[in-house]
Structure formats: structure tokens, C-alpha cells
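Structure first, commentary second.
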Amino acid sequence: MKLGTKFIHAGVEPDPTTGAIMTPIYQTSTYVQEAPAKHKGYEYARSQNPTRTALEKAYAEIENGKFGLAFSSGVAATDAVLKLLEPGNEVIAGNDMYGGTYRLFTKVFEKFGIRFHYVNMGDPANVKQHINSNTKLIWAETPTNPLMNIADIAALATIAQGSNVLLCVDNTFATPYLQNPLDLGADIVMHSATKYLGGHSDVIQGALMMNDADLREKLYFIQKSCGAVPGPMDCFLVLRGIKTLHIRMQRHSENGAKIAHWLRNNPKVAKVYWCGFEDHPGYAVAKEQMRDFGGMMSFTLKDDSVDIAKKVLSSTKLFALAESLGGVESLINHPATMTHASIPREERIKNGLTDSLIRLSVGIEDAEDLIADLQQAIG
Ligand SMILES: *Cc1c(COP(=O)(O)O)cnc(C)c1O
């Protein structure tokens, strides 16, 4: 089955009681049982909800996995994966990943005795170097936020499998339209469904997808024991979002390519970070493991100052100044003062996150209008 057909039909069957083509929002906390422990598979809504069941089936199908699990946010999904570990275990993670993941690792899980190594995942050798008998998890994000670095998922999977380590890939930026980490050997895929899967900036949600039944049981146990489950309305919204993922991602990618090239030719722009440029260090791997390059990018200005960057950020009219990404509307963000402000300045600049770096989540408006907006803002 091709991608568009899969995204439209994933997980969804007409409602058995009425034939409703859209999965109903089962807004209930509990289910009436015929006799003690005699029920229809639904006991209490933290453990099971039919709207969530449909979405979890959809999650599995869109990532070519056997199982899907839905969580109340992307970080709740990450939290569930980390709860597979025990004190003394070690994790190898990327050194430029989503700030909230870094915060969860350093501020919450370190104090429970989990040890983290942060490495440049652009070279799989950096990961291999930190593997020892305590290593239990490799946490990869590709492309990364905000510098669009690429990690070779198949190479990481080979290292993980050879050492009996789990590989979890945060596939939020790429989406299953552009990249399928399970097919490349990853054990778990994580998504912030808040972003492209939901796609309309109207829901917070997270997802995990996997093939191994034991792993699914362990993660389901954590999901119901810790209780970070999404409500049925939110599940409905993500189910609806997934149906248009392919046409949205096509347009995000088309607009992304046009804007990345336009920025690169702008005399006021110093550097554009977008993994679709042939001279991007991760281009060959990106071309191999992704179907297209998406609409996320960052750029710096030749005049590298916070003030000039702030002027640009305050002057766009279509690009809304906001955190988050992946919705139909275009967003602009200043990592130095917004999403990545918690990283000390020297540390930030060492990793290429300079004062004038501006991140774009290119939406699905008409590219000409978006370019005109950037033109008047950059001046
Ligand atoms: C937003 C985001 C998350 C966290 O997801 P929430 O839904 O905000 O909890 C994790 N990873 C990436 C890459 C993200 O962009």
C-alpha cells in the first residue's frame, strides 16, 4: 500500500455500533461489565479507550510497526522509554537534541542513577566509543533541532544490535512520510504528535511505535501504571491529522526547498541549515534514509547580533513568532532566547547555536507569500 492510502485508512474502521465513518470520541472513564470481570475488553479508561485503541493501531501502521502506544505528550512518551531502565544503566544520546529531552535526562533521570553520554551522532563511531556493559539505550534524533544534523539510523541500529542495546529514534521532525526508523533497524520510534502528526497546532500528544511484543508489554505496563495517557478528544484530533499527513508533508517539503534556496541567495544571510543541500555534511545519509527533506530549517545573519535577529523576528507577518513546529501555519523562533535559552551561551555557541540563529517551521501556505514576508523582514 502506498503512503497516502495508508495514512488515510490507518487504524480506522467504521464504528461497529452505528457505521460512523469517523472514530467516535468515547468520552467515558469506565465501562459497564456484564458480570465481574466479564467485559468487552474495556475496563477503565486509563488502561483502554476505543478512540485511543484506533489511534494506537494507526500509530503502528504509519511507522510500519506491530504496536503503537499514545501518551499525553511527547515528553511523556520519552519518559516511558527511560522508565525501562534501572539505576546504573547508561544512555548514549545526541549532543544537539530537543531541549525538553535534555532537561528530562539531566534534571529528572540523572538523580535516579541513570548516566548519560552526549555525543555528536553525525559519526556513529562516537556512539560506539561509549558502549559498555551498562549501556542499555541509544537515543537518537534526526534531523536535529535546530541545526538539522543527520544521524545514520541503520549504522546506529547495527551498533545497538551488536551490543544488545535498544535504539530509540525521535522521528518528530521527519514524520513517517519522510523516514521510517523501524524499517532501518530501530527498536522504538518516538513522536511528539503535537507537531506534524497532529499538524494543526491544536493538541499536545506523544507516541511510541515498536515491533517487539515484550517491549510493547513493558511499555504498556508503564503507560497504565504511570498514567500519562491522552484523552479521547485529543486522540480524535491526531487521528484526523494523520489523514492529511502526506499532502501536508509534500507541501512542507516543496515550500522548504524553495525557501532554503531563496535564503541561501540572500546577501544578508550568512548560513542556512537545511539537510536538502548537497553540501550539507549529512546529505548522503539523508538522501538514503529520507524520502524528501521537509520544511524545518535554521539560518544565521551576516550581522550576528541578538538585536538584528530580534528585529527580523518581530517583523514577519505571516511567520508567527512562537515555539513549536509542524503545523499548517509557518512559525519563526529564536533559539538563543526562546527554545534553547536554558543552554549557557558559550556552550550554545560552541555547538553552532549563535546569537542570530533563526529557526523556521515552514508551513503549507503559498511559498511566494512566505518569501515576500521574509524579504520584508530581513530587508
Ligand atoms: C516537541 C518535541 C518533543 C516534545 O514533545 P511534546 O509533545 O512537546 O511533549 C520531543 N522531540 C522533539 C523533536 C520535539 O520537537
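The values are calculated or read from the model by the stated rules, or taken from the named source; none is laboratory data. These numbers come from a predicted model, not from an experiment. Neighbour counts are summed over all protein chains in view; Cβ atoms, including those assigned to glycine, are modelled from backbone coordinates with ideal geometry. Accessible surface areas use protein heavy atoms only, side chains included; no ligands, DNA or RNA. Shrake-Rupley method; radii C 1.70, N 1.55, O 1.52, S 1.80 Å.
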Over the chain, the sum of -39500 (n - 2.57) across DSSP H runs of at least four, divided by residue number and rounded to 500 deg cm²/dmol, gives at 222 nm -10000 deg cm²/dmol
The long-range amide H neighbours of V119, using H built 1.01 Å from N in the peptide plane and a cut-off of under 5 Å, are A93, G94, N95
Subtracting the Cα-Cα distance of Q375 and D123 from 0.36 nm times their residue separation yields 87.1 nm
Per residue, accessible area of the chain with a 1.4 Å probe, heavy atoms of protein chains only, in Å², comes to 44
Non-local residues with an amide H under 5 Å from the amide H of E365, with H modelled 1.01 Å from N and Pro and chain starts lacking one, are S330
Output ordering of 22-28, 151-157 (per-residue mean of other Cβ within 10 Å, highest first) is 151-157, 22-28
Along the range 286-301, Karplus-curve 3J(HN,Hα) (6.51, -1.76, 1.60; θ = phi - 60°) to the nearest Hz, with x for Gly and Pro, reads 4, 5, 6, 9, 10, 8, 7, 10, x, x, 9, 7, 10, 8, 10, 9
The alpha-carbon center of the range 1-43 and that of the range 264-305 are separated, in whole Å, by 42
Taking the dipole of the chain about the Cα centre (Lys, Arg +1; Asp, Glu -1; charges at Cβ), the one of I131, A257, I114 that reaches farthest to the positive side is I114
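Say R0 is 35 Å: what FRET efficiency, to the nearest 0.05, do K38 and A213 get from their beta-carbon distance?
0.85
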A 1.4 Å probe over the protein heavy atoms gives the chain a carbon and sulfur accessible-area percentage of 53
Whole-Hz Karplus couplings 3J(HN,Hα) for the range 195-212, θ = phi - 60° and coefficients 6.51, -1.76, 1.60, Gly and Pro as x, run 8, 5, 5, x, x, 10, 6, 10, 7, 10, 6, x, 9, 10, 10, 7, 10, 7
Label model pair Q27, Y220: point-to-point distance (7 angstrom along the Cα→beta-carbon line) in nm is 2.8
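Hey, what did the chain get for relative contact order, percent, Cα under 8 Å, at least 6 apart?
Computed value for the chain: 17 percent relative contact order.
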Long-range amide H partners of V229, meaning residues 5 or more apart or on another chain whose placed amide H is closer than 5 Å, are S72
Counting only backbone N atoms under 17 Å from a point 7 Å out along Cα-to-Cβ of E86, the residues of the range 209-231 in range are 215, 218-219, 222
If every Lys and Arg gets +1 and every Asp and Glu gets -1 at its Cβ, then about the Cα centre the range 13-91 yields a dipole, in debye to the nearest 20, of 220
The relative contact order of the range 246-379, taking Cα pairs under 8 Å that sit 6 or more residues apart, comes to a percentage of 29
Here the residues of the range 297-327 lying in the modelled label zone of R345, meaning backbone nitrogen under 16 Å from a point 7 Å along Cα-to-Cβ, are 304-310
Magnitude of the Cβ-charge dipole (Lys and Arg +1, Asp and Glu -1) of the chain about the Cα centre, nearest 20 debye, reported as 360
Ordered by number, the GluC sites (Glu not before Pro) in the range 35-77 that occupy a DSSP loop and have at most 14 other Cβ atoms within 10 Å are E43
The chain, Gaussian network, Cα under 10 Å: of G185, G68, G162, the residue fluctuating most is G162
Longest the chain segment clear of trypsin sites (Lys or Arg not before Pro) sitting in DSSP loops (not H, G, I, E or B) with at most 12 other Cβ atoms within 10 Å runs 41-301
Length gained, A20-T337, 0.36 nm per residue minus C-alpha separation, equals 109.4 nm
Treating only Lys and Arg (+1) and Asp and Glu (-1) as charged, each at its beta carbon, one finds that the range 245-378 has a dipole about its Cα centre, in Debye to the nearest 20, of 180
